[in-house]
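These notes are about the structure you will find just below.
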Amino acid sequence: MLRLILLVVPLLLAGCVSSTSSAFAMGSAQDCQGVTVVVNYGILQEDRSTQCVDLLEGEAVALDVLNFAGFELEGTETFGDQVVCRVNAQPSATEAFLVEGEDPYIETCADMPPAFGYWALWLKTNELGEWGYAESGVSSLLLNSGDTIGLVFSSAGDTPLPTDP
């Protein structure tokens, strides 16, 4: 009986490991053949980051692509991963960010972020070739090779394109 348990337990544990990372590989950001990922931190004072994630198995969920590219996302208590609250711990959970004309604000991620400071999710598909707001959240948005996804921290009604300085 112990022998059977020793054989079965590793198989069960193997089924618990996510296979998401095996569906991706890092590609060249200069000549991306997969999904280009652009994160523009805006007023949060971080440098813009561009990564390329090659899709090895067809389409992929945006959240998985962003995580594989090295971006840790946090959703809200109310909307989960459908609304991005933080990217790589930005905005800070303990330090206020400043937007001209607004009181200093500390993001709690409890509900929808304020209109003067939130992460905008952009999508540029291979077919359209133009940036547009994503029509679904990161945990349900499907991406294909040739697509570009962007997260931009928008502030004070200014929502630049992900590739803008």
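Build a GNM of the chain with springs between Cα atoms under 10 Å apart, and of Val152, Val61, Val35 the one that fluctuates most is Val61.
How would you classify the chain from its alpha-carbon gyration tensor, with a ≥ b ≥ c the square roots of the eigenvalues: rounded for a/c under 1.5, else prolate if a/b is greater than b/c, otherwise oblate? Oblate, since a/c reaches 1.5 and b/c is not below a/b. In the chain, the longest principal axis of the Cα atoms and the axis of helix 2-16 are about 30 degrees apart. Of all the options Gly42, Gly129, Gly75, the one that moves most in a Gaussian network model of the chain with Cα springs shorter than 10 angstrom is Gly129.
For the chain, the relative contact order comes to 25 percent (Cα pairs under 8 Å, sequence separation of at least 6). Packing order of peptides 76-83, 102-109, highest average first: 76-83, 102-109 (average count of other Cβ atoms within 10 Å over each peptide's residues). Here the Karplus curve 6.51 cos²θ - 1.76 cosθ + 1.60, taken at θ = phi - 60°, turns the phi angles of segment 37-42 into couplings of 10, 10, 10, 10, 7, x Hz, with x standing for Gly and Pro.
The distance linking segment 79-115 with segment 19-52 is 22 Å (Cα centroid to Cα centroid, whole angstrom). According to the square roots a ≥ b ≥ c of the eigenvalues of the Cα gyration tensor, what is the shape class of segment 69-126, taking rounded for a/c under 1.5, prolate for a/b larger than b/c otherwise, and oblate for the remainder? Cα axes put segment 69-126 in the prolate bin.
None of the figures in this text is laboratory data; all of them are computed from the coordinates on show. None of the values given here were measured: they were computed from a predicted structure. Using ideal geometry, Cβ is built from the backbone for each residue, glycine included, and neighbour counts are taken over all protein chains shown.
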